[in-house]
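Structure first, then comments.
The values are calculated or read from the model by the stated rules, or taken from the named source; none is laboratory data. Remember, it's a predicted structure, so these values are computed and weren't measured experimentally. All Cβ positions, even for glycine, are placed from backbone atoms using ideal geometry, and neighbour counts span all protein chains on display.
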């Protein structure tokens with residue numbers, strides 16, 4: 001198995017060396033540029049996918065998918081060059097798709113996040129896809145006077161260097177914000193090589209010096225091979241918090257709105273195709289808002305569940321202890337309740353009946369507890385109540401009275417009792433407050449031993 005992994009690691013390097021040797025000694029042919037050239041890219045993808053290191057698998061897969069998108073663009077453009085087909089729309093779409101996928105994959109791979117968050121994904125799409133396109137849109141008008149071609153061709157000319165810069169700056173930012181590692185440095189070197197090759201290609205194209213199949217095309221492959229090798233080094237094991245600021249998404253939304261406003265006031269200023277990413281940005285912003293609200297609601301529900309007893313719906317022990325700290329600062333009564341006769345019922349009739357019985361007990365007790373007080377299930381058949389003010393004993397007696405009538409559960413009539421210990425807290429007596437829980441517990445056990453129902457701690 002390790003031999004297979006090792007082969008996957010060096011396959012891209014071997015393919016790259018083979019291509020360079022072939023190109024050095026011969027002129028470009030359809031099979032060298034279409035098959036051998038793109039086999040290097042496919043080998044790099046294999047090297048990323050088959051790395052044995054434990055890592056963020058989502059980041060690996062997305063970045064491999066980015067390289068695959070770039071490969072589709074490379075293959076279709078090669079077919080266009082050698083066979084005079086009309087596949088440019090597919091190659092341009094594939095090359096454009098490379099950037100958002102590469103940026104997201106780089107963020108996940110370099111930051112080693114344990115979980116994928118929906119907001120992170122949407123933020124990345126907004127910043128990478130919309131940010132790149134929106135910047136290209138604003139540069140479109142001034143660039144039209146410098147670059148020959150239709151507005152669509154000028155737009156495509158601009159979008160690639162902007163995408164390169166966004167990708168490069170994203171990787172530089174991640175590398176600078178964390179500890180340096182062989183993976184991050186090698187990945188940065190690969191992205192830098194890719195970006196430099198892209199800018200060199202654009203310069204050659206604008207000066208009518210570019211020749212398809214020249215050795216300058218190998219720069220992209222070298223960048224991809226370096227990035228593929230980076231996945232064979234352990235990443236920074238420390239998980240870093242999410243760094244995207246929602247203000248960035250808001251800025252993208254504002255820029256999109258400005259583009260739409262300009263297009264309404266001056267319909268001929270921007271070509272129609274640039275309105276598509278503007279609408280997409282607005283849609284993503286609203287999607288982000290909806291996801292953020294859903295996540296906040298889910299978090300709120302999880303917080304409630306974390307402080308709620310699942311069986312009875314009352315507060316659980318965690319919430320009881322948390323509120324008990326605040327409760328000790330003012331006058332009030334702490335009640336500890338323990339059911340009498342519950343264990344035989346639970347043993348004879350089963351836990352299902354016992355659970356239903358506890359739920360009914362909770363409903364009865366809940367009706368008596370006044371507003372502003374807290375009733376909690378502490379565990380098993382033990383309950384606790386925090387009663388502010390001076391009505392603790394009256395509430396305790398009323399709670400005991402709720403057990404006077406039998407319970408009906410699964411066809412059984414069940415009679416229970418309850419033993420209650422009450423301890424009153426005087427806020428000015430700090431030592432008494434600290435012993436409040438112990439005093440209430442001792443009073444409850446005394447009530448159980450003496451079978452008197454309710455006992456107030458002395």
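Test residue 444 against the stated conditions and say whether it is in the same structural domain as residue 324 (by TED's automatic domain parsing), closer than 18 Å to residue 343 by Cβ and part of a helix (DSSP H, G or I). Outline the logic, then answer.
Details: in the same structural domain as residue 324 (by TED's automatic domain parsing): yes; closer than 18 Å to residue 343 by Cβ: yes; part of a helix (DSSP H, G or I): yes.
It is true that residue 444 is in the same structural domain as residue 324 (by TED's automatic domain parsing), closer than 18 Å to residue 343 by Cβ and part of a helix (DSSP H, G or I).
Which of the residues that make up region 231-270 are farther than 30 Å from residue 186 by Cβ and modelled with pLDDT under 65? Full working, then the answer.
If we filter region 231-270 for residues that are farther than 30 Å from residue 186 by Cβ, which is where we start, we get 246-247, 249-270.
246 - this is the single residue of region 231-270 that is farther than 30 Å from residue 186 by Cβ and modelled with pLDDT under 65.
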